[in-house]
1. Put a dot 7 Å past each Cα toward the Cβ at Ile19 and Lys42; how far apart are the dots in nm?
2. Rounded to the nearest 10 Å², what accessible area does Ile178 show when all protein chains are kept and the probe is 1.4 Å?
3. With a/c under 1.5 counting as rounded, go ahead and sort segment 89-135 into rounded, prolate or oblate using the C-alpha gyration tensor (a ≥ b ≥ c being the square roots of the eigenvalues; past the cut-off, prolate if a/b is larger than b/c, else oblate).
4. When Lys and Arg each count +1 and Asp and Glu each count -1, what net charge do the other residues less than 13 Å away from Leu115, Cβ to Cβ, add up to?
5. Would you mind telling me the share, in percent, of accessible area of the chain contributed by carbon and sulfur at probe 1.4 angstrom?
6. Rounded to whole Å and ordered largest first, report the semi-axes of the equivalent ellipsoid of segment 6-204 derived from its Cα gyration tensor (root of 5λ).
7. Please compute the net charge surrounding Phe146, taking Lys and Arg as +1 and Asp and Glu as -1 over other residues with Cβ under 10 Å from its Cβ.
8. Determine the dipole magnitude for the chain: charges of +1 sit on the beta-carbon of Lys and Arg, -1 on that of Asp and Glu, nothing else is charged, the reference point is the Cα centre, and the result goes in debye to the nearest 20.
Amino acid sequence: MSLNTNTWNRLRYTVYLPIYDLIADRIFRKYRQRSIQLLQAKPNDAILIVGAGTGLDLPYLQGYTHITANDITPGMISKLRSRAEKLGIPVNAQVMNGQQMTYPDNSFDAVILHLIIAVIPDPVACIKEVERVLKPGGKVMVFDKFLPDGQKPSLLRRLFNQVAGTLFSDINRSIGSIASHTSLQVELNEPAALGGTFRIVRLRKLV
Ligand SMILES: C[S@@+](CC[C@H](N)C(=O)[O-])C[C@H]1O[C@@H](n2cnc3c(N)ncnc32)[C@H](O)[C@@H]1O
């Protein structure tokens, strides 16, 4: 039985909230910026941020007019809303499960998945939802830590993951195998933080 459930994540991210930005802002700043650059979105594109946390991506989305953001943790969404207000960025933000979103099919030009695919209990359900809400030709930017595609985790890594996956994030997920449950195509996969353990990946929904 996995301890990684939506209830657990809501609880632990409520506890992490006061110190979240101290950990996730400075060290990941340049990769967030790079990922959003690679999205190559147009100012009036409809952009969705899934598992958006406190909104640390928002400073790199100034000038975009149709931003939607969700997160399962209510405290994260409150903090994101006040950040958006301070930055003067209009954001339609709601508490929502990224595995079961309420947006209509084909409603976004771009989706941002930063540090969520390795956290969310069911990454395949999430990526299928992303595929559903994305318009044909739409793009997805993923920034997260992944096991190289095709590599099997060692026993030690699997044991360590019991703790890491419960308290931080799963260290044994592969983006290729998660995306293979959809028709999304991997367009780009470049090394990011920690010597390439973190990756920046762009996926595209075929027209
Ligand atoms: C590591 S944080 C990443 C936050 C943000 N994307 C960032 O880059 O700073 C993971 C976030 O995923 C959220 N989360 C976990 N499970 C979720 C789910 N099922 N649906 C939506 N958000 C979820 C948590 O509440 C938390 O804010």
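The values are calculated or read from the model by the stated rules, or taken from the named source; none is laboratory data. All figures in this text were calculated on a predicted structure; none of them were measured in a lab. Glycine gets a Cβ as well: all are built from the backbone with ideal geometry, and neighbour counts include every protein chain shown. Each accessible area value is taken on the protein alone, full model and side chains, heavy atoms only, with ligands, DNA and RNA left out. Shrake-Rupley method; radii C 1.70, N 1.55, O 1.52, S 1.80 Å.
1. Each label point is offset 7 Å from its Cα along the Cβ direction, giving 4.5 nm.
2. 10 Å²
3. oblate
4. So the environment of Leu115 carries a net charge of -1.
5. Looking at the chain in its full context, I get 58 percent from C and S.
6. 24, 20, 16
7. Once positives and negatives cancel, what remains is 0.
8. 340 debye
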